[in-house]
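Worksheet: the structure to be examined is printed underneath.
What follows draws every value from the coordinates through simple rules; no lab data is involved. Keep in mind it's a predicted model, so treat the numbers as computed, not measured. Virtual Cβ from ideal backbone geometry, glycine too; neighbours counted across all protein chains shown.
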Ligand code: SF4
Ligand code: SF4
């Protein structure tokens, strides 16, 4: 099994340093890969990253909520062009660098969402795909 970063990720990067096997990698370009991603072949399921995420975006793969009830105000980020994701998120990461995500949507209080996937996008698949032949994977660290 593996841990998975869901679309609640806003790239603040707090999870990266605690990973003992260094398998959490920033998505690049952000227009196509807006989240950080966990390499499922390297993750040892230690769970150290989970409490580090201020947006509670990381889950064990078999514990990703299919009926997450929003507090209200959370952002979900998707690749640019995803229908319905029209808000722009502007924030900072944990090094006070700007984070701008151009395809997000803000959840309403009480809204129930499936964090395993939405709009044809699947969280676990996206994490795995980022380390496949058609995505940067670890090369993003040099980009
Ligand atoms: S569960 Fe552990 S090994 Fe897997 S990504 Fe998180 S910190 Fe890294
Ligand atoms: S700590 Fe959370 S928001 Fe920050 S990069 Fe990791 S998963 Fe994304």
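For the stretch 89-143, what does the relative contact order come out to in percent, with C-alpha contacts under 8 Å and a separation of six or more?
16 percent
Would any residue of the stretch 48-71 have its amide N under 18 Å from a label point 7 Å out along Cα→Cβ of residue 106? List them or say none.
Inside the label zone: 55, 70-71.
Order of 131, 36 from fewest to most other C-beta atoms within 10 Å?
Least crowded to most crowded, the residues run 131, 36.
From the Cα gyration tensor of the stretch 3-142, with a ≥ b ≥ c the square roots of its eigenvalues, which class applies: rounded if a/c is under 1.5, or else prolate if a/b is larger than b/c, or else oblate?
Rounded, since a/c falls under 1.5.
Would you mind ranking 21, 50 by Cβ crowding within 10 Å, fewest neighbours first?
Lowest count first: 21, 50.
Relative contact order of the chain, please, whole-number percent, based on alpha carbon pairs below 8 angstrom and at least 6 residues apart.
30 percent
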